[in-house]
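Novice: Before we start, here is the structure in question, set down as structure tokens.
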Amino acid sequence: MNTVLIKGGRVITPEDDREADVLIRGDVITQVATGIQADADRVIDASGQYVLPGGVDPHTHMEMPFGGTTTCDDFTSGTVAAAFGGTTTIIDFCLQEHGQSFGDALRAWHKKIERCPPVIDVGFHLAVTDLDGGGGAEALAAVGGQGVSSLKLFMAYKGALMVDDETLFRTMQVAARTGALVMVHAENGGAIEVLITDAIAAGHTEPVWHGRTRPPETEAEATNRAIQLARIAGCRLYVVHVSCVPALDAVARARASGWEVWGETCTQYLFVDETALAEPEFEGAKYVFTPPPRTEHDQDALWAALADDRLSVVSSDHCAFRWQDQKAIGRDDFSKIPNGAPSIEHRLQMLHHHGVRTGKLSLSRLVELFSSEPARLFGLYPKKGAIAVGSDADLIVFDPERKETIRAAEHHSRVDYNLFEGATVVGAPEVVLSRGQVIIEGGALVGNAGRGEFLQRPVSSAAGSAAAQLVGR
Ligand code: URP
Ligand code: ZN
Ligand code: ZN
């Protein structure tokens with residue numbers, strides 16, 4: 001059995017920050033202690049470096065048909081990019097097509113990982129777009145048996161992915177029964193559609209109108225609505241890509257009330273602001289993601305909420321469309337620009353440089369936001385997101401002093417631009433292990449595509465407690 005000993009690193013988890021050795025046998029961690037003496041096949045000297053649990057990114061869109069095109073990273077290229085950035089698990093959104101059974105939707109997503117196999121482990125959420133077409137409530141309840149314990153609903157993208165409140169609420173009722181976690185893209189898609197139509201009619205076609213037609217109130221209204229509906233249904237709720245103060249306030253109020261509501265933000269909302277959308281020569285299209293980039297005031301509020309647990313996770317929402325030929329679909333009409341941005345590779349480096357080195361986040365909190373909390377919420381902890389005996393040996397040996405400048409020319413996604421082009425960051429993964437195998441080392445990929453496994457995710461141990469709370473109300 002392959003044995004690896006990581007010696008002398010600073011081992012960081014949400015609970016702990018201490019110098020220790022980590023011993024790995026096969027896929028798993030077998031010992032965490034100082035001064036381990038073992039006859040290992042491989043010894044990695046981690047002195048002066050951090051040892052972190054591999055990242056868990058619960059929000060990605062690989063090879064996803066959307067906006068008249070398909071995201072340009074598949075499960076091979078996207079997971080390679082993830083691995084270079086220290087992410088060792090992704091959970092991707094399987095999109096149900098209208099009229100498609102839930103089983104067929106999941107089979108279609110499994111085909112994608114068979115055709116373009118991942119280098120790291122992968123789970124799926126199911127995005128419900130047509131509850132009755134999928135087979136109804138009982139068929140939806142059954143997807144838990146296929147290792148899919150989270151259900152996503154889009155409250156925006158009218159005419160495409162958006163569901164009505166009845167579908168949203170009925171799905172929440174199913175989740176309350178099974179313990180699945182409901183995830184919402186919270187924006188008022190109807191109001192946004194009217195604002196877009198008005199803007200186009202007035203001759204406003206530039207990317208900057210993407211932001212102007214999606215004001216923060218549309219996000220706040222839908223966030224509030226989802227929270228209240230989840231409360232009635234009695235399900236647990238996870239609000240994806242929270243971008244602005246009024247939506248954050250809704251999540252914070254719910255959490256302060258003790259409700260089982262969690263909010264996620266994404267790397268781009270912390271670093272890209274609304275002015276990027278106004279960049280000339282169609283450069284602004286690179287920043288057309290949804291919700292749109294907001295103000296510096298919103299960014300400050302998101303950082304504060306990450307520190308004090310009003311927000312629980314930073315994901316990437318990696319949804320990569322090439323600027324040259326895919327974003328270009330909307331050159332004459334901002335509403336046709338495929339929505340989404342690439343950021344899977346630089347989540348850790350950006351958070352470390354701008355969060356930890358500036359004192360906004362402790363190292364332990366960084367680990368929690370990047371790895372442990374998403375693992376917990378999505379039923380993977382302590383297999384993932386932990387450095388503990390029995391956990392998968394998904395680990396990063398991180399050099400806190402290595403300086404790098406981020407450039408599209410050097411990143412590993414297939415996309416032709418980088419959101420953080422030219423940013424210099426201090427701190428970078430040196431070695432990345434996935435289930436005990438070194439997959440990244442010395443800036444090179446050494447793991448094989450195809451070694452990643454599909455993760456059967458049970459409902460989290462917290463499942464069902466929201467429903468239980470409401471019984472007898
Ligand atoms: O713009 C985004 N975020 N695109 C991906 C789909 C979604 O809304 O998450
Ligand atoms: Zn979304
Ligand atoms: Zn997304």
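Novice: So, in the range 81-118, exactly how many residues are under 30 Å from E410 (Cα atoms) and without any contact (Cβ under 8 Å) to a residue 12 or more places away in the chain?
Specialist: Looking only at that region, the number is 2.
Novice: Looking at E193, E274, which is the one that is within 16 Å of ligand 1 (Cβ to nearest atom) and out of contact with any helix residue (DSSP H, G or I) (no Cβ under 8 Å at 6 or more places or on another chain)? Show your work before the answer.
Specialist: On the way: E274 fails: out of contact with any helix residue (DSSP H, G or I) (no Cβ under 8 Å at 6 or more places or on another chain).
The match here is E193.
Novice: While we're on this one: Going through A137, A180, A156, A141 one at a time, which residue ends up being in contact with a Lys or Arg (Cβ under 9 Å, 6 or more places away or on another chain), within 14 Å of ligand 1 (Cβ to nearest atom) and of a type in the set (A, V, I, L, M)? Quick ask: steps written out before the conclusion?
Specialist: On the way: A137 fails: within 14 Å of ligand 1 (Cβ to nearest atom); A180 fails: within 14 Å of ligand 1 (Cβ to nearest atom); A141 fails: within 14 Å of ligand 1 (Cβ to nearest atom).
Matching residue, one of A137, A180, A156, A141: A156.
Novice: Next question. Could you tell me which residue of the range 283-297 is farthest from ligand 1 (Cβ to nearest atom), considering only residues that are in contact with a Leu (Cβ under 8 Å, 6 or more places away or on another chain) and not β-branched (V, I, T)?
Specialist: Looking at residues that are in contact with a Leu (Cβ under 8 Å, 6 or more places away or on another chain) and not β-branched (V, I, T), I get G284.
Novice: Another one. Which of the following residues is touching a residue at least 12 places away in the same chain (Cβ under 8 Å), out of contact with any Asp or Glu (no Cβ under 7 Å at 6 or more places or on another chain) and in a loop (DSSP other than H, G, I, E, B): G379, G355, G359?
Specialist: Values: G355 fails: in a loop (DSSP other than H, G, I, E, B); G359 fails: touching a residue at least 12 places away in the same chain (Cβ under 8 Å).
None of the others qualify; the one that does is G379.
Novice: Enumerate the pairs (first residue in the range 418-447 and of a type in the set (F, W, Y); second residue anywhere and surrounded by 15 or more Cβ atoms within 10 Å (Cβ to Cβ)) with beta-carbon separation below 8 Å, excluding pairs fewer than 6 apart on the same chain, so at least 6 apart or on different chains.
Specialist: Hits for this filter: F420/F271; F420/S343; F420/H346; F420/M350; F420/I406.
Novice: Assess whether L168 counts as being in a helix (DSSP H, G or I), under 21 Å from I232 (Cα atoms) and in contact (Cβ under 8 Å) with a residue 40 or more places away in the chain. Working first, answer last.
Specialist: Values: in a helix (DSSP H, G or I): yes; under 21 Å from I232 (Cα atoms): yes; in contact (Cβ under 8 Å) with a residue 40 or more places away in the chain: yes.
In short, yes.
Novice: What number of residues within the range 294-319 satisfy the criterion of being surrounded by fewer than 24 Cβ atoms within 10 Å (Cβ to Cβ) and either on the phi > 0 side of the Ramachandran plot or within 15 Å of ligand 2 (Cβ to nearest atom) (or both)?
Specialist: Residues that pass the stated criteria total 2.
Novice: Moving on. How about the range 320-329: which of its residues are in contact (Cβ under 8 Å) with a residue 60 or more places away in the chain and surrounded by fewer than 22 Cβ atoms within 10 Å (Cβ to Cβ)?
Specialist: If we filter the range 320-329 for residues that are in contact (Cβ under 8 Å) with a residue 60 or more places away in the chain, which is where we start, we get 320-324, 326, 329.
The answer is R322, W323, Q324, I329.
Novice: Does I24 meet the test of being at pLDDT 95 or above and crowded, with 23+ Cβ neighbours inside 10 Å?
Specialist: Values: at pLDDT 95 or above: yes; crowded, with 23+ Cβ neighbours inside 10 Å: yes.
Considered against the rule, which asks whether it is at pLDDT 95 or above and crowded, with 23+ Cβ neighbours inside 10 Å, I24 comes out as yes.
Novice: Now, a different point. Within the range 331-348, take every residue that is away from ligand 3 (no atom under 16 Å from the Cβ), buried (at least 22 other Cβ atoms within 10 Å of the Cβ) and in a helix (DSSP H, G or I) and give me the one that is nearest to the chain's Cα centre (by Cα).
Specialist: Within the range 331-348, the subset away from ligand 3 (no atom under 16 Å from the Cβ) is 331-336, 345-346, 348.
Next, only the ones that are buried (at least 22 other Cβ atoms within 10 Å of the Cβ) stay: 334, 345-346, 348.
Those still in the list that are in a helix (DSSP H, G or I) too: 334, 348.
Working: F334: 25, L348: 12 Å.
The selected residue is L348.
Novice: From G78, G85, which residue is in contact with a Gly (Cβ under 8 Å, 6 or more places away or on another chain) and at pLDDT 95 or above?
Specialist: Result of the check over G78, G85: G85.
Novice: Evaluate the following for R225: is it within 20 Å of I329 (Cα to Cα), among the charged types (D, E, K, R) and surrounded by fewer than 24 Cβ atoms within 10 Å (Cβ to Cβ)?
Specialist: Numbers: within 20 Å of I329 (Cα to Cα): no; among the charged types (D, E, K, R): yes; surrounded by fewer than 24 Cβ atoms within 10 Å (Cβ to Cβ): yes.
So R225 does not fit the description; no.
Novice: Related question: If I ask for residues that are in contact with a Pro (Cβ under 9 Å, 6 or more places away or on another chain) and on the phi > 0 side of the Ramachandran plot, which ones from the range 85-126 would you list?
Specialist: G86
Novice: Hey, any hits in the range 250-258 for a residue that's in contact (Cβ under 8 Å) with a residue 60 or more places away in the chain and within 30 Å of C72 (Cα to Cα)? Don't jump to the end; show me each part of the working.
Specialist: Keep residues of the range 250-258 that are in contact (Cβ under 8 Å) with a residue 60 or more places away in the chain, which gives 251.
Next, only the ones that are within 30 Å of C72 (Cα to Cα) stay: none.
Within the range 250-258 (the criterion being in contact (Cβ under 8 Å) with a residue 60 or more places away in the chain and within 30 Å of C72 (Cα to Cα)), the answer is no, since none of the residues qualifies.
Novice: Of the residues that make up the range 274-286, is at least one at pLDDT 95 or above, among the small types (G, A, S) and more than 23 Å from P65 (Cα to Cα)? Steps first, answer last, please.
Specialist: To start, the set of residues in the range 274-286 that are at pLDDT 95 or above comprises 274-286.
From the residues that got through so far, the ones that are among the small types (G, A, S) too are 276, 278, 284-285.
From what's left, more than 23 Å from P65 (Cα to Cα): 276, 278.
Yes: one or more hits.
Novice: Only one of R435, R402 is crowded, with 19+ Cβ neighbours inside 10 Å, among the basic types (K, R) and at pLDDT 95 or above. Can you tell me which? Step through it out loud before you land on a result.
Specialist: Numbers: R402 fails: crowded, with 19+ Cβ neighbours inside 10 Å.
Residue meeting the stated conditions: R435.
Novice: Go through the range 173-191 and report how many residues are surrounded by fewer than 24 Cβ atoms within 10 Å (Cβ to Cβ) and assigned to a loop (DSSP other than H, G, I, E, B).
Specialist: Residues flagged as surrounded by fewer than 24 Cβ atoms within 10 Å (Cβ to Cβ) and assigned to a loop (DSSP other than H, G, I, E, B) within the range 173-191 amount to 2.
Novice: Here's something else I'd like to know. Taking the condition buried (at least 19 other Cβ atoms within 10 Å of the Cβ) and modelled with pLDDT under 95, does G447 pass? Before you say what the answer is, go through the steps one by one.
Specialist: Working: buried (at least 19 other Cβ atoms within 10 Å of the Cβ): yes; modelled with pLDDT under 95: yes.
For G447, the condition - buried (at least 19 other Cβ atoms within 10 Å of the Cβ) and modelled with pLDDT under 95 - is met.
Novice: Identify, from the list A201, A226, the residue that is under 24 Å from the mean Cα position of the chain (by Cα) and either at pLDDT 95 or above or closer than 30 Å to L380 by Cβ (or both).
Specialist: Testing whether each residue is under 24 Å from the mean Cα position of the chain (by Cα) and either at pLDDT 95 or above or closer than 30 Å to L380 by Cβ (or both) leaves just A226.
Novice: Here is a further query. Hey, can you tell me all the residues within the range 252-296 that are acidic (D, E) and either touching a Lys or Arg at 6+ places or on another chain (Cβ under 8 Å) or within 23 Å of D332 (Cα to Cα) (or both)?
Specialist: Going residue by residue through the range 252-296, those that are acidic (D, E) are 260, 264, 273-274, 279, 281, 283, 296.
Hits for the range 252-296 are E260, D273, E274, E279, E281, E283.
Novice: Can you tell me which residue in the range 117-134 is surrounded by the fewest Cβ atoms within 10 Å (Cβ to Cβ), limited to those that are under 18 Å from T89 (Cα atoms) and away from ligand 1 (no atom under 16 Å from the Cβ)?
Specialist: Step one: filter the range 117-134 for residues under 18 Å from T89 (Cα atoms), giving 117-126.
Keeping just the survivors that are away from ligand 1 (no atom under 16 Å from the Cβ) gives 117-123.
Numbers: P117: 18, P118: 28, V119: 29, I120: 27, D121: 24, V122: 25, G123: 24.
Selected residue: P117.
Novice: Among the residues of the range 124-175, write down those that are away from ligand 3 (no atom under 16 Å from the Cβ), touching a strand residue (DSSP E or B) at 6+ places or on another chain (Cβ under 8 Å) and either among the β-branched types (V, I, T) or farther than 30 Å from E453 by Cα (or both). Show your work before the answer.
Specialist: The initial filter retains those residues of the range 124-175 that are away from ligand 3 (no atom under 16 Å from the Cβ), namely 130-149, 158-159, 164-175.
Applying the additional criterion that residues be touching a strand residue (DSSP E or B) at 6+ places or on another chain (Cβ under 8 Å) yields 140, 143, 147-149, 167-168, 171-172, 174-175.
The answer is V143, V148, T167, L168, T171, V174.
The values are calculated or read from the model by the stated rules, or taken from the named source; none is laboratory data. In this text the structure is predicted, and so the values were computed from the model without any measurement. We place every Cβ from the backbone using ideal geometry, glycine too, and count neighbours over all the protein chains shown.
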